[in-house]
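Asks: Pasting a structure below so you can have a look.
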Amino acid sequence: MIYFDNASTTSVRPEVARVYKKLIDECFANADSMHAPGRKTNRQLEQAREHIAHSLKVAKEEILFTSCASESNSLAIVGYALANQHRGKHILTSNVEHSSTKHAMDFLESIGFDVERLPINEQGIVTEEMVQSHMRKDTMLVSLMHVNNEIGSINPIEKIAKVVHMHPTCVFHSDCVQSFGKIDIPFEQLDMMTMSAHKIHGIKGSSMLMKKKNIVLQPLVFGGQQEQGLRGGTENAPANIVLAKTIRLALEEQKESYAHVKALRDHLAARISAIDGGHVLSPQDALPYILNVSFDQITSEVLLNALDEKGICVSAKSTCDSRSSQASEVILALNHSQKDASHAIRLSFSKDNTIEEADRFIEAVKEIIKNYGLSL
Ligand code: PLP
C-alpha cells in the first residue's frame, strides 16, 4: 500500500501505541475518583497537561483535553460567541475553513450573529491587511485556520493576531490541525488554538483546545467538573496522557520530518508537472505536506478509484466532505477552473513516505491515464 492521505489521518506511532495499551490497563480508573487508582490516573493526567503546556510555552490551565478537533473548534467558536455576546456580534472567518468551523459559523449565523467570510487571495490565504480592513468596533472573534487542509496554503497567523489584538475586545482563534508538528506555531500570540492527535501519529478520540486564561467559554457538553467545568464527561485518561508523548515526539522531529517531506513533495510536483495535462494546484508557498494536483484527462472520482485498485490511497478533497459529489469549493475559491476543481486530488504526506513511493505513484497515474483517460 502507498498511503498519501496523511491530512485525513495518520498511522499511530508504535511507541505511542505501546504506551497507550499500557495506560489502558494501568490507568482505567476514573480520574475524578477519590480512591488510590483514581488519584494515580489524575496525577498522570495532570502531569501530561503540564508537559504539553511546557512544550507550547503556555500555562497548564490553558490546556483543555477534548475528543477531536471538530469538538475543539465547536467549543472555541460557539462556546466563545455564546459567552461573550456583550462584546458584539460580528465574527470574521474565511470561506475555506474546515467543515467543523464552517458549520459552527452557520449555526451562529442562524441565531443572529453577523458572520463575515473573507475570500482567499490567489495564494490561497487571507492576509493581515484583509483582516484589518474588515475589523469593526463590534468584531468579537476572528477564526482562521493556519494551514488549509485541501491545498496546504499557510495563513500569516502571527501577523493576523497582531491586527486582531489592536482591537481590545476581539480575540483570535486558529485551527492549527494541519500545521501542528509541521511548522512553528506562535502559541503565545493566539487566544485559542485547536490541534488533533490523529493527524500527528497519535490516538483517535484525542485532541486539545489551548485557551488563554482570560478567555471565558460557554460549555457545550454539560456535566461534571472535568476540564474546569468546560467539558463534562469522564476523562479519556489514557488518550489524554499519551497525547503528551505524541506532541513531544512530533515537535522533536518537526524539522527533520519537514525536510524529508519537502524533498518528496518537490520531486513529485516536478514529475506531475512534466506529465502532459498534469497540474499542481497548491500555491507555490504551500506547506509541503499537502499537494493538490489535477490531470486534464481524468476526473477526481475515476482517478481516486483506479488508484485505490492499485493500493494507493489519496483523497479528492477534505475527508469530512468526501461524500458530497460537488467539486472542491477550495479549488474554485483559488480561481482555478471548474474542470480543475472536479479533477483535483489531494496527496498528503508523512515522514514515513519515500521517493520510491512517489515514483510508483507517477507510473500508476500514467498507466491509469493511458487506460481510462480522455484524450486531450
Ligand atoms: N480542522 C482541520 C483543518 C482538519 O483538517 C480536520 C480534519 O480533517 C479537522 C479540523 C477535524 O479534525 P478531527 O477529525 O480531529 O475532528
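Every read-out reported here was derived from the displayed coordinates using simple, explicitly stated rules and does not represent laboratory data. Please read these numbers as outputs of a predicted model, since none were measured by experiment. Virtual Cβ from ideal backbone geometry, glycine too; neighbours counted across all protein chains shown.
Asks: Report the net charge of residues surrounding Leu376, where surrounding means a beta-carbon distance below 11 angstrom and charges are Lys +1, Arg +1, Asp -1, Glu -1.
Replies: -2
Asks: Okay, moving on. If you average the sequence gap of Cα pairs under 8 Å that are 6 or more apart and divide by the length of the chain, what percent do you get for the contact order?
Replies: 22 percent
Asks: What does the convex hull of the Cα atoms of segment 1-86 come to per residue, in Å³, rounded to a whole number?
Replies: 160 Å³
Asks: What net charge is computed for the residues neighbouring Leu220, neighbours being all others with C-beta under 10 Å from the C-beta of Leu220, Lys and Arg scored +1, Asp and Glu -1?
Replies: Details: positive: Arg231; negative: Glu71.
Within the 10 Å Cβ shell, the charges total 0.
Asks: For the chain, modelled as a GNM with alpha-carbon contacts under 10 angstrom, which of Gly311, Gly124, Gly152 fluctuates the most?
Replies: Largest GNM mean-square fluctuation: Gly311.
Asks: May I pose another question? In square nanometres, what is one fourth of the surface area of the convex hull spanned by the alpha carbons of segment 283-376?
Replies: With the hull built on Cα positions only, its mean projection is 6.6 nm².
Asks: Please return the longest stretch of the chain lacking exposed loop sites, where chymotrypsin sites (Phe, Trp or Tyr not before Pro) count only if DSSP places them in a loop and at most 13 other Cβ atoms lie within 10 Å.
Replies: 29-221
Asks: I want the antiparallel fraction of DSSP beta bridges within the chain, as a percent rounded to 5.
Replies: Within the chain, antiparallel bridges account for around 55 percent of the total.
Asks: Separate question: Where does each of 211-217, 240-246, 98-104 land if you order them by average Cβ count within 10 Å, highest first?
Replies: Result, highest mean first: 240-246, 98-104, 211-217.
Asks: Continuing with this model, one more query. Express in whole angstrom the spacing between the alpha-carbon centres of segment 23-78 and segment 201-277.
Replies: 14 Å
Asks: Around Lys21, under 14 Å between beta carbons, what's the net of Lys plus Arg minus Asp minus Glu among the other residues?
Replies: Numbers: positive: Arg13, Arg18, Lys22, Lys245; negative: Glu15, Asp25, Glu26.
Here the charged neighbours net out to +1.
Asks: Now for a different question. Cut-off 10 angstrom, C-alpha nodes, Gaussian network model of the chain. Which of Thr194, Thr93, Thr299 fluctuates the most?
Replies: Answer for the Gaussian network model of the chain: Thr299.
Asks: Helix-only mean residue ellipticity at 222 nm, the chain, DSSP H runs n ≥ 4 weighted -39,500 (n - 2.57), per residue, nearest 500. What is it?
Replies: It comes out at -12000 deg cm²/dmol, rounded to the nearest 500.
Asks: How do the peptides 199-207, 340-348 rank, highest first, by the average count of neighbouring beta carbon atoms within 10 Å per residue?
Replies: Listed from highest to lowest mean packing, they are 340-348, 199-207.
Asks: What lysines sit close enough to Lys204 to cross-link, taking a C-alpha to C-alpha distance under 17 Å and skipping anything fewer than 8 places away on the same chain?
Replies: Lys21, Lys22, Lys245
Asks: Also, I was wondering about something else. Counting only residues 5 or more places away or on other chains, whose amide H sits under 5 Å from the amide H of Val221 once H atoms are built in the peptide plane?
Replies: Here the answer is Gly232, since their amide H atoms fall under 5 Å of that of Val221.
Asks: Among all the lysines, which ones have a C-alpha under 30 Å from Lys162's C-alpha, if same-chain residues fewer than 8 places away are not counted?
Replies: Those lysines meeting the cut-off are Lys57, Lys60, Lys89, Lys102, Lys137, Lys182, Lys199, Lys211, Lys212, Lys213, Lys255, Lys262.
Asks: What is the pair-distance distribution P(r) of the chain, computed from all Cα-Cα distances in 10 Å bins starting at 0, with each bin given as a whole percent?
Replies: Answer for the chain: a P(r) of 5, 24, 31, 24, 13, 3, 0, 0 percent.
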